[in-house]
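Quick notes on the structure that follows.
The values are calculated or read from the model by the stated rules, or taken from the named source; none is laboratory data. What you see is a predicted model, and the numbers here were worked out from it, not measured in a lab. Every residue, glycine among them, receives a Cβ derived from its backbone with ideal geometry; neighbour counts consider all protein chains shown. With ligands, DNA and RNA removed, areas are computed over all heavy atoms of the protein, side chains included. Shrake-Rupley method; radii C 1.70, N 1.55, O 1.52, S 1.80 Å.
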Amino acid sequence: MSDLRITTNDSEWCPKYYAPMVGIFCAMYIINQAIVPKMIEIGPIVTTAAIFTFPICAIITDLLTEIYGFNRARKALWTVVFCTALFALFTQLAIHLPSAGFWEDQEAFETIFALGPRIALAGMAAWIAGELINSFVMSKMKIKQNAKNTSVRFIGSTIVGQFFDSIIFMTIAFAGTMAWSDLAVVTATAWGLKVTYEVIALPLSLSVTKWLKRIEGVEHFDKQKISAI
């Protein structure tokens with residue numbers, strides 16, 4: 001950290017790679033929204049196909065908070081929410097547009113995207129709660145740890161944030177589509193897998209974090225006023 005410039009306020013520096021990171025962030029979350037309705041079974045584990053993509057979104061939240069601070073991470077989170085709303089709006093518009101006479105896949109298209117608004121609502125509610133909590137916890141931990149023990153922040157904030165995210169998302173998205181006992185199992189499984197994913201991906205997450213900090217040239221602490229909106 002000695003070769004990095006210390007900042008405590010967003011106005012003290014202008015990030016070089018924040019915009020591309022937000023773009024990747026939004027893309028991964030829209031991919032997540034598209035594949036989350038599919039339930040998969042891997043041995044005894046039943047979960048959503050998005051289990052492979054959503055943890056990447058959570059990791060990017062950690063990266064954004066660690067490198068760019070809570071306020072910039074918060075702006076990225078609200079950008080994702082807006083993109084999710086657009087995704088839901090335009091998929092529903094596509095469903096209701098008249099099909100070409102030769103196109104025979106309308107029913108399949110509706111089956112895939114009919115849950116769009118519900119999935120989007122679940123995603124936005126869970127995202128706002130879970131990821132803001134994740135980001136806020138990580139920001140405060142960084143100050144207390146003086147930027148040391150990055151792995152503890154990554155895992156600790158994920159455990160807390162994904163607990164709330166998983167409960168909110170699964171309840172809104174799938175309540176009524178399966179038995180409550182099954183929903184509880186799927187929710188707990190998703191939470192456990194997300195945390196496990198974070199642990200497995202930790203070496204890569206730490207490497208990318210160090211690399212981004214180095215090219216940005218800044219170690220940022222959120223000692224300015226931060227807001228949840």
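Within the straight-line cut-off of under 21 Å between alpha carbons, the lysines reachable from Lys194 are Lys38, sequence neighbours fewer than 8 places apart in one chain being disregarded. For the chain, the dipole from Cβ point charges (+1 on Lys and Arg, -1 on Asp and Glu) about the Cα centre works out to 1080 debye, to the nearest 20.
Using the Kyte-Doolittle scale, which helices in the chain average at least -0.5 and also have C-alpha atoms spread 20 Å or more along the helix axis, with helices defined as whole DSSP H runs?
Details: long enough: 18-35 (26 Å, 1.39); 54-68 (21 Å, 1.43); 70-96 (39 Å, 0.91); 150-174 (34 Å, 1.27); 180-200 (29 Å, 0.81); 202-216 (21 Å, 0.22).
Long hydrophobic helices here: 18-35, 54-68, 70-96, 150-174, 180-200, 202-216.
With both labels modelled 7 Å from their Cα along Cα-to-Cβ, the Gln92 to Ala201 distance reads 2.9 nm.
Share of the chain's accessible area from carbon and sulfur, percent, 1.4 Å? Don't skip to the answer; put the middle values down first.
On the way: 7860 of 11260 Å².
C and S fraction of accessible area: 70 percent.
Shape class of the chain from the alpha-carbon gyration tensor: prolate, with a/c at 1.5 or above and a/b greater than b/c.
Please list Arg118, Arg153, Arg5 from largest to smallest accessible area, probe radius 1.4 Å, with all protein chains kept in place. Can you show the working numbers first?
Details: Arg118 80, Arg153 0, Arg5 120 Å².
Largest accessible area first, the residues go Arg5, Arg118, Arg153.
Mean residue ellipticity, 222 nm, helices only, the chain: the sum of -39500 (n - 2.57) across DSSP H runs of n ≥ 4, divided by residue count and rounded to 500, is -22500 deg cm²/dmol. Each Cα pair under 8 Å and six or more residues apart adds its sequence gap; the mean of these over the residue count of the stretch 48-139 is a relative contact order of 46 percent. A 1.4 Å probe, protein heavy atoms only, puts the accessible area of Lys223 near 140 Å². Only Cα pairs within less than 10 Å get springs; with that Gaussian network setup on the chain, which residue of Phe136, Phe25, Phe82 has the largest fluctuation? Result for the chain, Cα springs under 10 Å: Phe82 fluctuates most. Along the charge dipole of the stretch 75-203, which of Thr84, Tyr197, His96 sits closest to the positive end, that is, farthest toward it, with unit charges on the beta carbon of Lys, Arg, Asp and Glu (+1, +1, -1, -1)? With unit charges placed on the Cβ atoms, the residue in question is Tyr197. If you count the DSSP beta bridges with both ends in the chain, what percent of them are antiparallel, to the nearest 5? Among the beta bridges of the chain, antiparallel pairing accounts for roughly 50 percent. Think of a 1.4 Å ball rolled over the protein heavy atoms: the stretch 33-76 then has 33 Å² of accessible area per residue. Of the whole protein surface, Thr189 contributes about 30 Å² of accessible area at a 1.4 Å probe radius.
As a length-normalised measure over Cα pairs under 8 Å and 6 or more apart, the relative contact order of the chain settles at 32 percent.
Label sites at Ser99 and Phe82, each approximated as a point 7 angstrom past Cα along Cα to Cβ, lie 3.5 nm apart. Shown is the FRET efficiency for Asn149 and Ile24, computed with R0 = 22 Å from the Cβ-Cβ distance and rounded to the nearest 0.05: 0.25.
How much length is gained if the chain between Ala49 and Ser11 is pulled fully straight, taking 0.36 nm per residue apart and subtracting their Cα-Cα distance, in nm to one decimal? Don't skip to the answer; put the middle values down first.
On the way: separation 38, 0.36 × 38 = 13.68 nm, distance 4.01 nm.
Length difference between fully extended and current span is 9.7 nm.
Of the whole protein surface, Val22 contributes about 20 Å² of accessible area at a 1.4 Å probe radius. Which shape class applies to the stretch 29-102: rounded if a/c is under 1.5, otherwise prolate when a/b exceeds b/c and oblate if not, where a ≥ b ≥ c are the square roots of the Cα gyration tensor eigenvalues? It is oblate, given that a/c is not under 1.5 and a/b is not larger than b/c.
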